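Following: one structure in structure tokens, then a few remarks.
The values are calculated or read from the model by the stated rules, or taken from the named source; none is laboratory data. Everything quoted here is computed from the prediction, not taken from an experiment. Cβ coordinates were reconstructed from backbone atoms using ideal geometry, including for glycine residues, and neighbour counts include every protein chain displayed.
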Amino acid sequence: MRKSWSQLFFKSMHNLLALLRPSTSTCLICGRNDHRTVSALPSLCSECRESIPWISRIHCPICGRPERCGDCGRRHAAAFICNRSAVQYNDTIRQWLALYKYRGHEGLEPLLGELLLTAYSGLLQEFSQRSKLFRIDAVVHVPVSTERLHERGFNQAERLAAYIAKQSGLLHFDILRRARHSQKQSFKTRGERLRDSRELFVSNVPAILKMMDRLFGGDVSAMPARLNSGESVRFLLVDDIYTTGSTVNACARAVREGVNWAGFQMHIEIYTITLARS
Ligand SMILES: [Zn+2]
Ligand SMILES: [Zn+2]
């Protein structure tokens, strides 16, 4: 069942506190022992816990950056409503993500998932205050190329999206494909990233048809009244890092195009959550 922001907030706080509580087991990150309290969940020592660079104040309402933002003003029409990130992408978070993504440290998944969940519960709270009808219909994720999937064995964005969906009672769908393997984003200039991202993502129309069937029973005429009344269908798009926003923007565009190609003419809103804002 879909959870309200307050249910989710308390659940997420409870999970996070349990996760961050020092325990008699070794710290998930540094391996140090901390003997103060006992927790059944994987935990962090006080030093690692205090090193989390939370984003507590948002400056840019679009990308969720904690400082002044030039990127969002330059983007003419964003295909997504906004991005909210849990933490800043500093050396600590870079290391944690590297342990998870490249060294296969799967034990970090609940920790990263809980960090991301705070971004989602914050977004839900923010938009529920604007409209009581606000609800997310489905969770989707940024895909990686088949090549990278073989290399790494998993897609971190997909895993994190599955975590969020499970914790918040939402349905999660795999509807996007990465059209070709791209050179690592970090080696490119800003202009190259923007140009390249445009054609990088395509939607999988059969997967979209299946998704619409799960969500609305497939038949447009059978769709709930809220769709006929013109209310938006809202997607939550998940990725690990937000840099320029060109990746999530290209994915959001592919979701819109895919839903239209599949024959559904409806108003779509896409909200993005990312673990870290670089
Ligand atoms: Zn530690
Ligand atoms: Zn911005």
Hey, does the stretch 116-134 have a residue that's closer than 20 Å to PHE80 by Cβ, without any contact (Cβ under 8 Å) to a residue 24 or more places away in the chain and basic (Lys, Arg)?
-> yes
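Whether any residue in the stretch 40-54 is within 21 Å of the chain's Cα centre (by Cα), closer than 14 Å to TYR242 by Cα and away from ligand 1 (no atom under 16 Å from the Cβ) is what I want to check.
Step one: of the stretch 40-54, the residues within 21 Å of the chain's Cα centre (by Cα) are 52-54.
Retained after the next criterion (residues that are closer than 14 Å to TYR242 by Cα): none.
No; the residues of the stretch 40-54 include none that is within 21 Å of the chain's Cα centre (by Cα), closer than 14 Å to TYR242 by Cα and away from ligand 1 (no atom under 16 Å from the Cβ).
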Pairs, first under 30 Å from ARG49 (Cα atoms) in the stretch 68-93, second among the aliphatic types (A, V, I, L, M) and near ligand 2 (Cβ under 9 Å from one of its atoms), C-beta under 8 Å, six or more apart = CYS69/ILE62; CYS82/ILE62; ASN83/ILE62
Candidate set: the stretch 60-84, residues that are within 14 Å of the chain's Cα centre (by Cα) and of a type outside the set (Gly, Ala, Ser); chosen: the one surrounded by the fewest Cβ atoms within 10 Å (Cβ to Cβ) | ILE81
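Would you pick out the residues in the stretch 253-278 that are of a type in the set (A, V, I, L, M, F, W, C) and within 20 Å of GLY70 (Cβ to Cβ)?
At the first step, the residues of the stretch 253-278 found to be of a type in the set (A, V, I, L, M, F, W, C) are 254-255, 259, 261-262, 264, 266, 268, 270, 273, 275-276.
ALA276 - this is the single residue of the stretch 253-278 that is of a type in the set (A, V, I, L, M, F, W, C) and within 20 Å of GLY70 (Cβ to Cβ).
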Quick check, is LEU99 crowded, with 19+ Cβ neighbours inside 10 Å and within 16 Å of ligand 1 (Cβ to nearest atom)?
-> no
Out of (1) modelled with pLDDT of 90 or more; (2) assigned to a loop (DSSP other than H, G, I, E, B), the odd one out for VAL238 is which?
-> (2)
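Could you check the stretch 62-82 and list, in sequence order, the residues that are at pLDDT 90 or above and within 8 Å of ligand 2 (Cβ to nearest atom)?
Filtering the stretch 62-82 down to residues at pLDDT 90 or above leaves 62-65, 79-82.
Across the stretch 62-82, the qualifying residues are ILE62, CYS63, GLY64, ARG65.
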For the stretch 164-197, name all the residues that are surrounded by 12 or more Cβ atoms within 10 Å (Cβ to Cβ), modelled with pLDDT under 85 and assigned to a helix (DSSP H, G or I).
-> GLN185, ARG190, GLU192, ARG193, LEU194, ARG195, ASP196, SER197
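With VAL144, VAL87 as the choices, which residue is at pLDDT 90 or above, surrounded by 13 or more Cβ atoms within 10 Å (Cβ to Cβ) and closer than 23 Å to GLY31 by Cα? Spell out the reasoning first.
Numbers: VAL144 fails: closer than 23 Å to GLY31 by Cα.
After ruling out the rest, the residue left standing is VAL87.
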Cβ pairs under 7 Å, 6+ apart, first in the stretch 36-50 and at pLDDT 80 or above, second more than 8 Å from ligand 1 (Cβ to nearest atom) and among the hydrophobic types (A, V, I, L, M, F, W, C) = LEU44/LEU20; ARG49/LEU20
